[in-house]
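Okay, so here's the structure we're looking at.
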Amino acid sequence: MRRIVMSLLLLGAALQVTSLAAQTGTTDNLWKTLAKISYKKEYDEFLGFKIDKPVFSEEIKALNGKEVTVKGFIIPVEGYKSHKEFIFSAFPYSMCFFCGGAGPESVMEVTALEPVVYSAESIVLKGKLKLNNDDVNKLMFALTDAKIVK
């Protein structure tokens, strides 16, 4: 009986940790998950040449449309309308995809519910993850209905 009680207590503790990780742990691990991507060459009629089209892993596909939490850096990019639309990166500006320091899987487009004030420090956002493997004019990942987590 004592062994069963101990097992149940350990199981309960494990479930609490798992639940907490599901709420907060994705901040560091989401970028690692998003990196599990491959590419296939496919001819693009509009561009007139072959492009690398993303092929999302099953793990990434399972996140499509789900609320996720991610930690990263705001990348100031000209052409985005406001502090509600911006590029978010796993890495600071000096190391991001646009500076040649990382791959396209390390950035996402963000559409926030409220304006987000620019900071050179990392921030944490929560929102719905959307996947894109069709529109070459957009990034592969988008975070919609985003809000800052304090």
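Do we find that residue 29 is outside any strand (DSSP E or B), under 15 Å from the mean Cα position of the chain (by Cα) and modelled with pLDDT under 90 in this structure?
Yes: the conditions hold for residue 29.
In the range 97-128, how many residues are under 30 Å from residue 48 (Cα atoms), touching a strand residue (DSSP E or B) at 6+ places or on another chain (Cβ under 9 Å) and outside any helix (DSSP H, G or I)? The qualifying residues number 6.
Scanning the range 110-150 for residues that are in contact with a Pro (Cβ under 8 Å, 6 or more places away or on another chain) and either under 19 Å from residue 78 (Cβ atoms) or surrounded by 18 or more Cβ atoms within 10 Å (Cβ to Cβ) (or both) yields 118, 120, 139, 140. Tally time: how many residues in the range 79-95 are modelled with pLDDT under 75 and either crowded, with 20+ Cβ neighbours inside 10 Å or out of contact with any strand residue (DSSP E or B) (no Cβ under 6 Å at 6 or more places or on another chain) (or both)? Result for the range 79-95: 3.
Taking the range 37-63 as the range and being outside any strand (DSSP E or B) and either surrounded by 13 or more Cβ atoms within 10 Å (Cβ to Cβ) or within 17 Å of the chain's Cα centre (by Cα) (or both) as the test, the residues that pass are 57, 58, 59, 60, 61, 62, 63. Filtering the range 64-78 to residues that are surrounded by fewer than 20 Cβ atoms within 10 Å (Cβ to Cβ) and either in a loop (DSSP other than H, G, I, E, B) or touching a Phe, Trp or Tyr at 6+ places or on another chain (Cβ under 6 Å) (or both) leaves 64, 65, 66, 76, 77, 78.
For residue 107, indicate whether it is β-branched (Val, Ile, Thr), more than 19 Å from residue 35 (Cβ to Cβ) and crowded, with 19+ Cβ neighbours inside 10 Å. No.
Counting only residues that are assigned to a loop (DSSP other than H, G, I, E, B), over 13 Å from residue 86 (Cβ atoms) and among the aliphatic types (A, V, I, L, M), which one in the range 129-150 is modelled with the lowest pLDDT? The selected residue is 136.
The values are calculated or read from the model by the stated rules, or taken from the named source; none is laboratory data. Remember, it's a predicted structure, so these values are computed and weren't measured experimentally. Here the Cβ is made from the backbone with ideal geometry for all residues, glycine too, and neighbour counts use every protein chain on show.
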